[in-house]
Every structure is written in structure tokens, then in C-alpha cells.
1. How long are the three semi-axes of the equivalent ellipsoid for the chain, computed from the Cα gyration tensor as the root of 5 times each eigenvalue, in whole Å, largest first?
2. Using a Gaussian network for the chain with springs between C-alpha atoms less than 10 Å apart, which of these wobbles most: Asp127, Asp105, Asp232?
3. Using DSSP, restrict attention to beta bridges with both residues in the chain and report what percent are antiparallel, rounded to the nearest 5.
4. I want to verify a result. In a Gaussian network model of the chain, Cα cutoff 10 Å, which of these has the top mean-square fluctuation: Glu175, Glu190, Glu198?
5. Sorted from fewest to most neighbouring beta carbons within 10 Å, what does the list Ser81, Ser16 look like?
6. For a quick protection proxy, order the peptides 246-255, 86-95, 203-212 by their average other-Cβ count within 10 Å, most packed first.
7. Which translational diffusion coefficient, to the nearest whole µm²/s, is obtained for segment 7-95 from the Stokes-Einstein equation, given a Kirkwood hydrodynamic radius over C-alpha pairs, 10 °C and 1.306 mPa s?
8. Tell me, Asp66, Asp21 in order of fewest to most beta-carbon neighbours within 10 Å?
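Every number here is computed from the coordinates shown, using simple stated rules; none is lab data. Everything numeric here is computed off the predicted structure, so don't read it as measured data. Cβ sites come from the backbone with ideal geometry, for glycine too, and all protein chains shown count toward neighbours.
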Amino acid sequence: MDTAPVFHDAFYQFVSIADVDGTAATLRELTTALTGVLLVASEGINGTLAGTVAALDAFHGALAHDPRLDGRFRGIAVKRSPCVTPPFQRMKVHSRPEILPLGVDGVNAVGHTGLQVSPAQWRALLDDPNFVVIDNRNHFEVRLGRFRNAVDPQVHNFRDFPAYIEAQLPIWQAEGKQVAMYCTGGIRCEKTSAWLHERGVPVLQLAGGILNYFAQMSDAERDWSGECFVFDNRIALDTQLRETGTTAEQVYAGDPNEAWRLRRAQQLARAARRDEDEAPASGARPPLT
């Protein structure tokens, strides 16, 4: 039985992919030693994987250099964090129309992103009165933890975010405010900023998201209150990227808008326990979405 420590890698890249099914097939071959979810679409890839350091590093090496992938994923940024609870149960690679649906047709996020702000620059921006800092996550995530001075749009699905922006943007523009936003790993901000870029609205976004901020800023608790929700079996991390004891019931309970998420989390937890009873080394369950 492999007792090597398990780590979680989160990554994405908006890049044009002509052969989505072929790329997905290649990625299935390259992820046999891992667990997690990897989405492939014509606009790029979005992955959350878990495994040993050796297995993860081997995958990223193949992702960059396998000739079937034509080098399109070289230089992809990875956010890595340690695991106590195995994040996933099995490995799934899926072809999708989009790696992240915004709910707006025709958004091209390939090469149309906001201005990336480093963690050190972000710290200063949080106190700049010329900026409105938007938390580009679901309300239950914001409730668990957020950056100081950040605005909670109180949306319950990423597809609801454009309506919030549409309603608030004229107000911010009238006040002379610039827009800055952040999310867990950066992908939600990148898709949103692509949409706003097409509308002529500049956006600043935290490079690498919350996870990168925690990794780069040893005193991140100066700017962050609470925990960071993650869509896998670990549930939440602190500012040192350590798994906390927070449960799905604590995250979702009491909010009728999230009752379906709680039911799903409980169902997956029961399935994971059954799998552990039948095969103790089988790994972790699929991530929450």
C-alpha cells in the first residue's frame, strides 16, 4: 500500500483546442496514477488532481512535453496544497462545451484576460478607495471566508454573476471606481474578465486566486478572515493551506439555497464510506461542484 503523502493540484489554462475528444483521450492516459477531475473544451482545460508528488510531477511533465499535446500547456500555473483527507475517489476526464460556463454566450477567454495583480500588489489594492473589490464566488464560500473590504455579490451560482455585474457596473462607473476581483484559483475571474473585456471594461484580478495568495504571503491572515472553501473532500483550508475541521454541514446548513449541495455532499460521503469498507486503499470520492 502506498503511504506517500498526497497533494492536491489545481490548474487551468484558456487555450484553443481543435481536437477536444482526442486531447481528452490523451489526458486519460496521462492521469492513470492520479485521482480528480479534468475538464477539456475547445477553450482549454480545467483540472483538480490529487496524488503523490512524484505522480503529480510526472503528469505535469507529460502535460508540457507529450507530443500529442503540441506544447499548448507548457508554463501552466499550478496551485499545490497538502492533503489529510484524500480529495477524490477516482479519476475522471470529461469533454465539455466549456471548462467554466459563465451563462453568457460567445465569451472568448483565450487571450482576453484581466490585468493580473501579484499578491503583494493585491494587499495594497485592498485599501485603495478607487477600487471596488469583488468576491467572484458563491455566497456560501464568501460566508466561510473573504478578503477584508471585499464585496459579496450574494450569488448562488457562477452563472448568476453577470446579472449582478450588469446591475452594479453603472453605479461603480458613476463613482469613478475601478473593478478588481478574486476567486479561489483564478479561473472564475479570468472568464468574467474576458466577458467584461469584450464590453470595454478593464478588470484587475488576483493572480492565481486565493490559493496563490495563501502560498505566497506567509502572513495572509492580515488580509483574510475565515477559511477558504475548496470543491473537494477536504471542504476548507486555512491561510497556511492546511485542511480545517469544517464539515459540509457547517458550510451549507441553514441556507435553503444550498440544501441541494448539502444533500449531494452527504450522498458522496456515504458512497466514500462504502468504498472504504470494500476497498480501503481506493482513494477519495469525486469533488463537489
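1. 30, 23, 18
2. The residue with the greatest mean-square fluctuation here is Asp105.
3. In the chain, DSSP labels about 60 percent of beta bridges as antiparallel.
4. Glu175
5. Ser16, Ser81
6. 203-212, 86-95, 246-255
7. Taking Rh from Cα pairs, D becomes 123 µm²/s.
8. Ascending Cβ contact count within 10 Å gives the list Asp21, Asp66.
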